[in-house]
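**Q** Below you'll find the structure I mean.
The values are calculated or read from the model by the stated rules, or taken from the named source; none is laboratory data. On a predicted model such as this, the values are computed, not experimentally measured, just so you know. With ideal geometry, Cβ positions are generated from the backbone for all residues, glycine too; neighbour counts draw on all protein chains shown. With ligands, DNA and RNA removed, areas are computed over all heavy atoms of the protein, side chains included. Shrake-Rupley method; radii C 1.70, N 1.55, O 1.52, S 1.80 Å.
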Amino acid sequence: MVMTSHFTALAANPVLRVPPASPAAAAAHFGASLAFHADVSDVASALAADGDPGFVVLDSRSAASWDQGHIPGAVHLPTALIPEQAAALLDPAVPVVTYCWGPGCNGATRAALALARLGFQVKEMLGGFEYWVREGFAYEALEGDARRAADPLTAPVDAADCGC
């Protein structure tokens, strides 16, 4: 009886309708996810530290988007141009972190795929340029350098980092 009522409760709950993965499967999945993705604040922290961060940031958007705003020091290489220009602009020994507009755009994913197919080590920056700006990090635009106040829904107001 207990098993039936527990199963019924699980089946009725949309979160647990499909049971969670085993701890070992979850560890493998989330470990793999971190091998493919980087967080905006982690990228900003690594770029702000003294010395070489050990990776290059690549903006895969159009020229008009680049002019509207981009991460300081990023390499501009639109996704469509990666096959013909990546070898001249990037060192294959240096990992690449791609970004595009934001979570609603898969341009960084497509750029990462194109680079991986060419033999580059690559990660995608989650949140893209949108979250870079929303978290209050400086950016460059055609009009000059800019920075907006951090959005309290995406970044801590009274702390250096979110603690995650």
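**Q** Of the conditions (1) part of a helix (DSSP H, G or I); (2) surrounded by 16 or more Cβ atoms within 10 Å (Cβ to Cβ); (3) among the aliphatic types (A, V, I, L, M), ALA116 satisfies every one except a single condition; which number is it?
**A** (2)
Conditions tested, residue by residue: (1) on the phi > 0 side of the Ramachandran plot; (2) of a type in the set (Phe, Trp, Tyr); (3) modelled with pLDDT of 95 or more.
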position: VAL96; (1), (2), (3): no, no, yes
position: TYR99; (1), (2), (3): no, yes, yes
position: GLY107; (1), (2), (3): no, no, yes
position: ALA111; (1), (2), (3): no, no, yes
position: ALA114; (1), (2), (3): no, no, yes
position: GLY119; (1), (2), (3): yes, no, yes
position: VAL122; (1), (2), (3): no, no, yes
position: LEU126; (1), (2), (3): no, no, yes
position: TYR131; (1), (2), (3): no, yes, yes
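**Q** Give the residues of segment 59-82 that are outside any strand (DSSP E or B), under 17 Å from ALA112 (Cβ atoms) and among the charged types (D, E, K, R), sorted by residue number.
**A** ARG61
**Q** Which ones in segment 1-46 are farther than 22 Å from THR109 by Cα, surrounded by fewer than 10 Cβ atoms within 10 Å (Cβ to Cβ) and modelled with pLDDT of 90 or more?
**A** PRO19, PRO20, SER22, PRO23, ALA24
**Q** Being touching a Pro at 6+ places or on another chain (Cβ under 7 Å) and open to solvent by less than 60 Å² (accessible area, probe 1.4 Å) narrows it down to one residue among GLY69, GLY136, GLY127, GLY102; which is it?
**A** Just a single option satisfies the conditions, and that option is GLY127.
**Q** For segment 148-162, state whether one or more residues are open to solvent by 90 Å² or more (accessible area, probe 1.4 Å), of a type in the set (S, T, N, Q) and without any contact (Cβ under 8 Å) to a residue 40 or more places away in the chain.
**A** no
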